[in-house]
1. So which trypsin sites (Lys or Arg not before Pro) in region B:53-103 are both in a DSSP loop and have at most 12 other Cβ atoms within 10 Å of their Cβ?
2. Please go through the residue pairs A:Lys38/B:Lys23; A:Lys1034/B:Lys22; A:Lys406/A:Lys480; A:Lys150/B:Lys103; A:Lys114/A:Lys1038 and name each one whose alpha carbons sit more than 24 Å apart in this structure.
3. Based on the alpha-carbon gyration tensor of region A:448-578 and its eigenvalue square roots a ≥ b ≥ c, which shape applies: rounded if a/c is under 1.5, prolate if not and a/b is larger than b/c, or oblate?
4. Do you know the relative contact order of region A:448-578, to the nearest whole percent, from alpha carbon pairs under 8 angstrom that are 6+ apart?
5. What is the extension gain from A:Val504 to A:Arg966, computed as 0.36 nm multiplied by their sequence separation minus the C-alpha to C-alpha distance, in nm to one decimal?
6. Multiply the residue gap between A:Lys392 and A:His567 by 0.36 nm, knock off their C-alpha separation, and tell me the result in nm, one decimal place.
7. Sort A:Glu86, A:Glu739, A:Glu954 so the one with the fewest other Cβ atoms within 10 Å of its own Cβ comes first.
8. Taking neighbour counts of Cβ atoms within 10 Å as a proxy for exposure, in what order, fewest first, do A:His102, A:His993, A:His201 appear?
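Bear in mind that the values in this text are calculations on the coordinates, not laboratory data. Every value quoted in this text rests on a predicted model; they were computed, and no experiment measured them. Here the Cβ positions follow ideal geometry from the backbone for every residue, glycine too, while neighbour counts run over all protein chains shown.
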Amino acid sequence: KPQLIASSFSLLPSSFLQTVLGAGLKEKLIQQELTNLKATVSAPTTTLRLMKECMVRLIYCEMLGYESSFGYIHAIKLAQQGNLLEKRVGYLAVSLFLHENHELLLLLVNTVVKDLQSTNLVEVCMALTVVSQIFPREMIPAVLPLIEDKLQHSKEIIRRKAVQALYKFYLIAPNQVQHIHDKFRKALCDRDVGVMAASLHIYLQMIKENSSGYKDLTESFVTILKQVVGGKLPIDFNYHSVPAPWLQIQLLRILGLLGKDDPRTSELMHDVLDESLRRAEINHNITYAILFECVQTIYTIYPKPDLLEKAAKCIGKFVLSPKINLKYLGLKALTYVIQQDPNLALQHQMTIIECLDHPDPIIKRETLELLYRITNGQNVTVIVQKMLDYLKQSKEEYTIINLVSKIAELAEKYPFWFIQTMNAVFSIGGDVMHPDIPNNFLRLLAEGFDDEKEDKQLRLYAVQSYLGLLEEEDAIYPQKFLQVMSWVLGEYSYLINDEGDPEVIMTRLHKLLKKTFVTSETKAWIMAAITKIASLNPGSKTVDKLIQEFSTSLDTCMRQYAFELKHLCEDKDLMKNLLPLDASCDDMVVDASLSFLDGFVAEGLSRGAAPYKPHHQRQEEKLSQEKALNFEPYGLSLSSSMSTSGFTGRQSPTGLSFGSDISGNSTEMGQKEMSSLKLDGVKKLWGKDGYLPKKDSKTGKEDKLEAVPPGSTLGGNMVDHPLSEADQEVVSPSEEEKEKQQLASTLFVGLASNNAVSLMGKADTTTQKFKRKSKISETQNSEEVPSIQHDATLSSSPLPEAQSNNNENIQSTEHVRLRKTSLSSSEVLEASISFKRPQSLMEAGLDAKLPDCRLSPSSLFADNNMEVFQPTQVIPSVAASKASLIPSLSEELASNPHSEAVELCSSDTLAVNLCKVWTDDCLLLVLFVANRSSSALKNVNLVFENSEHFKIVEGLSYHFPVIKARSLESCQKSVQMEKNCMQEILVGSLNYHLEMETGLEFSVTLSLIDFIRPMKITTEDFGKLWLSFSNDVKQNVKMSPSQGSLSITLNTLQQKLKLHVVDIVGNEGLVACQLLPSVPCLLHCRTHAGMLALWLRSPCSALPDSLLYQCQKVIEES
Amino acid sequence: MNCRQGKLRLQKWYTTLPDKEKKKIIREIVQIILARNQKMSSFVDWKDLKLVYKRYASLYFCCAIEDRDNELLALEVVHRYVELLDRYFGNVCELDIIFNFEKAYFILDEFILGGEIQETSKKSAVKAIEDSDMLQETMEEYMNKPAF
């Protein structure tokens, strides 16, 4: 038998492949081949050599799309046992067959570990290659130390691959490689270009996530780029005589991220960017690729006029190129650039017009994207029309979704023809579009604009146009459109009462109900609409007919609605009460606890009904009863039920009463609830000042709207517009030119510089921002006070670091004084403990004695991994003046755990100190503003910049009417974490009047720990909660022998991270904490042979990861 | 990101997808690219990604990149890969790739790792492959010696 197989192999590969290529018998032959292969790989006599052949063949079959999973395990075996060549094929097969989460991958770990320790370079290389392609996340600790060692390897190829493997680890588990950041720095300075280039991948990623942490490296990157551009690299890195283009582009991207909104950092790179632009002159794709990146970087960093000019010229080269690829890239660059400088569009307007009708769809789409960015009130009609044209031609789902949301966004910004456009959007976009779009549309219609009369007209127009659409007998509309129509008709059809008959509307809706293409969800919307109309027009015949008809419907939902309607019709007062006129915007108070049912429940209980148990409790009981092994993973099934149990759990007792008069129209209620929920998440596009159209232009548009017959709203109503004439092919060339000119004038109207106000909001804000910033820098120059713009982001640049050192020195001189204050506050604290020990928030902190709780903040700041760059200069006079202005907390606040006061920024006149107070329910930032000058300061404003991560409850600003000379004022801000993050920076500024407007900038580093509080629960609660959380993370941490027992380790955690130790049993411990306001996280620890196994669970996916990292850090430090 | 060619000769995925999905995607992409004419650009919108492709003789090389990536650069990545193949095989043709596709994979892995460019120096990339080839060949000879 083995011989037979061997012979079939000897025929191969040529015969095998020929048959594969041959069309007819292909399928059959491959199946045959697969069967053969299956037999061979599983035969015990198969040699590894033969196995290698089989693997190569299997790879081919897999590529052709045939199932070959039977060979996966053998691929791993081959990688394990084979000699070099076989091993290599084995690894290749593994990397092609398996994916990251494949369970078989775990079997590979041992092999990788062995090969990493091999003395054979090739084996090490192969292991590193496979690690950087696929590696299971949980097993990273097993190979991490080995790979770290490889960073010092003498061969550059090994070092390079090790860096690459670490990059992979950084991508899949950033926390685990956090501790080797300084080794990355070493790799960046490696003498081999390849290793350095590899480390750039990591830096690009890290800088993307946190650009402020790496500003100090800017100079290094600039130097490297200078060397590359200057041709200092070995010649074999050249690509078509361009020096290391990939490296250049990587560096340009990094510089762009670093220089964004940062004038000082940007300044460092101006020269090298200029040089890059200059050097890239050879006419080759790769130089264009570099130029493109260059332009993007120049427009990303803090702007410099002459560079911008050069970059703009450069874009011209692209856009005007006859090569289509370059043209496309030019458009892409233009789209990017235009957000900052809309005038550039004017320069290239003719090209843009030509591209609009380009046969290549990607060019067309990019042009539309560009136009979308320059839309304003005057050209919106033309641009949207172009977009709709494109929309009608395209069939690809993704394009439709994308384009529809853009049109909808534009339409909302520029109303009135908005309804028509939306009609077209709804009927084309149909059911694939994002559900937010119809919701937003309805909200907009309901909330209305500033003018009540206008609103009415808009709504009336909507009602009329929908009635017109419904008039067409056999038109089929998408479900979402029908839902929108029925809602609008239900809410606003009363507006046309004088001209239209409600009976007619109801008949139309009734007809719709009987159509087969209408889904039951849509029917619910329609029924809701009918109910609303019926409440206004009692005694309608259509309603009676409808009730009769659907009371016997086979569809239970419809029957339910019919009954509800019937009951409502019998009780007119209730109906009026329930469905008030035009009240869709009024807030509804929903009694979520359903307390009005308490009586009902009590009655049920007294009659012997079983008390209600929440779902997870039932599940748990069931599990404990079964006492069998549970093979299902806990997390998934329970979490899904948990998320709903809060809802269904409460609703189920009311199931009985649903049909009764309490909730006359359940869908209606649900819908309202939903829309009110939605409101929070959605941007307010229509704020009081967001929408400011000119009165006259609007009325003009309105007239146009009125003239259009409502029936033809499907986008076809622009026929008489000059634009569509441009599409006609009969026009002579010169005519065509004219058309294009005309089109250009309609498209780019309002882009001229004077009209900047009517441009899109985005452009506006950026320019304003620039203005503001430049003003600051001006004052900086004119006053020549270097310390005016302080930045307490300690690690960001040399200057602040000097400042921080400065701080330290000052602090040390004042040490005695501070001691005193802290002592006094500790006395207060002690006093408060003796009174309210049971309620005091932080058992942990208190048990640990006071010094600890004052020490912990310093450990929080310790991870800023700063390096001292400059020797410090202590200015004695400053220290002296400061001494009189020592901030101290009020007694009430001091009773909470708090940090020492840290100076954020200072100038000759003012100093800002910060004290963090960790209260029970939030993080309080207490800011002390000290006036060092001898005159009083008036109107001092403290403003925080908006941050996506944090929310300041009291609002972003604080106003001090007056700060007396040599005195101290304080303000409090409580901060909440909005978006989970490890550590982020909150930036703020202080503005005051002193001869001329002056500002001080500062920033506060807030870490996750600031928002972690102990959660006191019992062991049983812990068990219940543990089961209900789905996100978990496990990790083993080495404990140093000094840490000794589990309880000591947990105590350190409790002190430093403000956790709560729930229970310790033997070598296991339970710890609980919560992220403010109330996201719990549970921690299960187990010691085992010097290792501490940490297992975290939480309902929030990011929390366990971040917390684990903090725990790790604490344990490693102690 | 992934790379593959005309009548599928080579494929490499840098994201995890179920097999069914992969098959569907490949079919779709091959259709899209074969339908393009020569005057059109080398880029096509596809879902939220962009396909960048180039034709060499009878083979299409294609890769899918994200929107913020640089299309021209991707085009040059493809070109550099072809250059590497050419250098390794010496005037590469389709058959070279068909019969030595594992070698083509090795070269690809040496050039692009985990979706990022690894080695931009042509010399060192090819040298790395040749080095390991040599080692292997000697090992192979060694293994082939009859055992006594």
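1. B:Arg68
2. With Cα atoms farther than 24 Å apart: A:Lys1034/B:Lys22; A:Lys150/B:Lys103.
3. oblate
4. That works out to 22 percent.
5. Here the answer is 158.5 nm.
6. 58.4 nm
7. Details: A:Glu86 24, A:Glu739 18, A:Glu954 11.
Taking fewest neighbouring Cβ atoms as first place, the list is A:Glu954, A:Glu739, A:Glu86.
8. Going from sparsest to densest Cβ surroundings: A:His993, A:His102, A:His201.
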